[in-house]
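The values are calculated or read from the model by the stated rules, or taken from the named source; none is laboratory data. The structure presented is a predicted model; accordingly, all values stated were derived computationally and were not measured. Here the Cβ is made from the backbone with ideal geometry for all residues, glycine too, and neighbour counts use every protein chain on show. Each accessible area value is taken on the protein alone, full model and side chains, heavy atoms only, with ligands, DNA and RNA left out. Shrake-Rupley method; radii C 1.70, N 1.55, O 1.52, S 1.80 Å.
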Amino acid sequence: MLSSDVKYIGLDVHKEAVAVAVLNGAGKLVMESIVETKASTLLDFLQGLRGELHVTVEEGTWAAWLYDVLKPHVGELVVCNPRRNALLKEGSKSDKVDARKLAELLRSGMLRAVYHGEPGLGTLRELARSYLTISKDQRRVMSRLKALDRSWGIPCSGKQVYTPRHREQWLNKITQPGVRRRAELMYQQLDGLSVVRHTVRGELLAESRKHAAVKILRQIPLIGPLRATLLLALMQTPHRFRSKRQLWTYSGLAVETHDSAQHRYVDGQLQRSKKPQ
């Protein structure tokens, strides 16, 4: 294909409008426009252009939506890492200028792409994100409960403080009515999150049974159904990584050490806790 038949398009996306810059194969600016941030408007604009279309947009709030909308209609779509676009920080700055610079970087092959998933794994990925977010929220509430007890001089180690069977016992240790009510509300929040987490976990595992890769991952020792599901949902394909070390780190398989509260008192004697093996 002749260079004149190739178009390099930079999109600077905002809430209400998208600045568009179009370069030809020689790097000449052939069109600039401002279009509404709507799928139909963007597709109408692209369909009015001739030749092979190469499009770039920066990673951000709108990137995932634009990737799904534009990908089937262009020859190449690069969602680029904004932290590596040093050219955008130089010289004048406006929406049109940024769009033009993005198109120039795309044409020069100087953009670092951000991975945006494999086809067919969208539902699994979103369920995994929901499960991880809810799990994080649950851990935060649990930490707040212990912090509340400790702020009133109530020692609380282990998991007994969270269990419904011992809940009244822990609440009775709080003498101040307002603080006790605060703890009761935290317990209600914890119970609600536990129900939602259990529901999402079931849906996530059910969705994972549709993917043969989960069965292969479960053949790895100590990898259970949930971990195998999360590995597939978040990693998706090992071919996106340049080396196996990057794969290990991203998958949570790299060696990490975490050490805290290294000292404790036993029978009145200060001792250093043993580090976990």
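Annotations for the structure displayed:
- Output for the range 178-231, where each listed residue is of a type in the set (Asp, Glu) and either in a loop (DSSP other than H, G, I, E, B) or open to solvent by 40 Å² or more (accessible area, probe 1.4 Å) (or both): Glu184, Asp191, Glu203
- Candidate set: the range 146-177, residues that are touching a residue at least 24 places away in the same chain (Cβ under 8 Å) and outside any helix (DSSP H, G or I); chosen: the one surrounded by the most Cβ atoms within 10 Å (Cβ to Cβ): Ile174
- Sole residue being of a type in the set (Val, Ile, Thr) and touching a Lys or Arg at 6+ places or on another chain (Cβ under 9 Å), chosen from Ile216, Ile223, Ile154: Ile154
- Unmet criterion (only one of (1) more than 20 Å from Lys15 (Cβ to Cβ); (2) under 26 Å from the mean Cα position of the chain (by Cα); (3) assigned to a loop (DSSP other than H, G, I, E, B)) for Thr61: (1)
- Residue list for the range 213-259, restricted to those being touching a helix residue (DSSP H, G or I) at 6+ places or on another chain (Cβ under 9 Å), small (Gly, Ala, Ser) and on the phi < 0 side of the Ramachandran plot: Ala213, Ala228, Ala233, Ser251, Ala254
- Ser260 at pLDDT below 90, of a type in the set (S, T, N, Q), open to solvent by 60 Å² or more (accessible area, probe 1.4 Å) and more than 23 Å from Arg129 (Cβ to Cβ): yes
- Pairs are defined by a Cβ separation below 8 Å, a sequence spacing of at least 6 or placement on different chains, a first member in the range 38-51 that is more than 12 Å from Val69 (Cα to Cα), and a second member that is loosely packed, with under 11 Cβ neighbours inside 10 Å; the pairs so defined are Gly51/Met1.
- Single residue of Arg100, Arg125, Arg129, Arg83 found to be under 18 Å from the mean Cα position of the chain (by Cα) and open to solvent by less than 80 Å² (accessible area, probe 1.4 Å): Arg125
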